[in-house]
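Bear in mind these aren't lab numbers, they're just calculated from the coordinates by the rules spelled out. Keep in mind that what you see is a predicted model, and the values were worked out from it rather than measured. Here the Cβ is made from the backbone with ideal geometry for all residues, glycine too, and neighbour counts use every protein chain on show.
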Amino acid sequence: MSKRIAMFNHKGGVSKTTSVYNIGWMLSKKAKVLIVDADPQCNLSALIFGDDFERYYLEDTTKHQNIKDGVKAAFEGMPHPISAVNCYSPQRAPSLYLLAGHANLSEYDAALTFAQTSNNAIATLQNLPGAFAQLLRLTEDRYSIDYTIIDMNPSLSAINQNLFISSHAFIVPTNPDPFSVMAIETLRTVLPRWVAWVKSSGSLFANSAYPLPDFLPKFIGSIIQRFNIRKGKAAKPYRDNITEIKSIISGSFLESISKAAMVLGPAQYPQFLLDNQYCLDEIPDFQGLLPKAYDAGIPVFELTNVEIAETGPVLEQMVLKRDGFFAQFATLASTLVTILNNV
C-alpha cells in the first residue's frame, strides 16, 4: 500500500509546492511517486507541465484528468463510481506521476463542509467525505505507487481537512519568520480537532460507497526553508526564528498532537531527528539556480552544467551549490523512507 504524506501549513509562502516537487522528484529515483496538486493555484501542475500547462486543460484528451474531475462523480451525483485519473510523468522523471490540480477545486468545499458536519443526516451526502481518499487509492493502484505527497493550499478548508485525515503522515513546512511561529500555534489546536472529527464521525460513513480511512496521520517532521546563508549557516536575522520554530515544534506543538495520537513512538524517529527537535532539514534559498531550473523545467539539483549556462568561477560556484542541494535532498528522501517504514 502506498504511504501518503500531507505537506501542510495554512501559512502561505513556506515553499510547500517546491518541497513536494523536489522531494517527490528525488524519491522517484528509487520508487514510484505520486504528487497531488490540491491547491487551486495549480503551481505544482505548472512546474511539471511547464509550457504545456494551458494546453493540458484545453485538450479533450487531458482536460478532465485532474483532481476536481476525479471526484466529480461523487460531488455532482453522477450515475457511475469514481475512477482513477490518468497521470502525467516528466520525461526526465518517468517514475514521478502528477495528479493535476484544478483552478475550481474549491467549488466543492461548501458541499464537503456540509457533508462533514451533518452527521450523515442527509443520505445524498454520505459519499462525499471518502471521495478524495477513494480517488487517491484508485490512482495509486493504477500506477503501483509507493509514496504519495499531497500539496495542499494554505487554508483551513474542509478539503484540506479531508486530505489531511486521508494521509498516513504529515510534514509541516515553515520559513523562519514570526508568522510561521504564529501559524504553528494555530496548527497545534486545529490538527487535533480535525483528527477528533474523524475519530468521532468515521463510523457514520462506514457503509458509504467511499468509507473514510481507518488510520490517523502521524507527524514525521518539519522543514525550515527560504533563508540566506552567511559563512556556512543561516544569516543572523533568521537564526533566532529557526531556533524558536524548533522549540515550539518540539514543545507545545508536539505535546498537543501527542494527546491526539498523531505521533510515532520515540524509537520510531531517527535519533538525529529527535536531537534536531523534529526538524527534517533546513533548506536555504536556491538563489541564482532557481530561474535556471524553471527554464529547464526541473528541480535545481537536476541542472546539468550545460543548463546552468555559465563559465569560470560562476559555473564552479553554481555547480557546488547544485551538488550540495542534490546531497541534501537525497539525504532527506532517504530519511523519509526510513521514517515511513514505521508509519
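Some values worked out for this structure:
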{"item": "Sequence of 55, 137, 239 once ranked by neighbouring C-beta atoms within 10 Å, starting from the fewest", "result": "55, 239, 137"}
{"item": "Among the listed pairs 68/321; 72/246; 236/259; 32/236; 233/292, those beyond 32 Å (Cα-Cα)", "result": "68/321; 72/246; 236/259; 32/236"}
{"item": "Scattering curve values for the range 155-196, log₁₀ I(q)/I(0), Debye with Cα scatterers, q = 0.18 Å⁻¹", "result": "-0.55"}
{"item": "Over the range 76-181, volume per residue of the alpha carbon convex hull, in Å³", "result": "150"}
{"item": "Where GluC sites (Glu not before Pro) fall in DSSP loop in the range 60-144, at most 15 other Cβ within 10 Å", "result": "76"}
{"item": "Computed [θ] at 222 nm, helices only, for the chain once each DSSP H run of length n ≥ 4 contributes -39500 (n - 2.57)", "result": "-12500 deg cm²/dmol"}
{"item": "Listed peptides 310-316, 242-248, 10-16 by packing density, highest first (mean Cβ within 10 Å)", "result": "10-16, 242-248, 310-316"}
{"item": "Value of Rg to Rh for the range 12-54 (Rh from inverse mean 1/r over Cα pairs, i.e. Kirkwood)", "result": "0.98"}
{"item": "Summed side-chain charge close to residue 144 - residues other than residue 144 whose Cβ falls under 15 Å, Lys, Arg +1, Asp, Glu -1", "result": "+3"}
{"item": "In degrees, nearest ten, helix 16-27 long axis to first principal axis of the chain (Cα)", "result": "80"}
{"item": "Acute angle (nearest 10 degrees) that the helix 236-248 long axis makes with the longest principal axis of the chain, alpha-carbon atoms", "result": "40"}
{"item": "Cα-derived Rg to Rh of the range 133-223, Kirkwood definition", "result": "0.99"}
{"item": "Enclosed volume per residue, in Å³, of the convex hull spanned by Cα atoms of the range 205-343", "result": "159"}
{"item": "Cα point-scatterer Debye curve for the range 1-143, base-10 log of I(q)/I(0) at q = 0.10, 0.14 Å⁻¹", "result": "-0.35, -0.69"}
{"item": "Global form of the range 288-343, assessed from the alpha-carbon gyration tensor, a/c cut-off 1.5", "result": "prolate"}
{"item": "At q = 0.09, 0.11, 0.15 Å⁻¹, base-10 log of I(q)/I(0) for the range 3-340 (Debye sum, equal scatterers on each alpha carbon)", "result": "-0.48, -0.72, -1.31"}
{"item": "Candidate aspartates and glutamates for bridging to residue 29, where Cα separation is under 17 Å - those fewer than 8 sequence places away on the same chain excluded", "result": "146, 302, 323"}
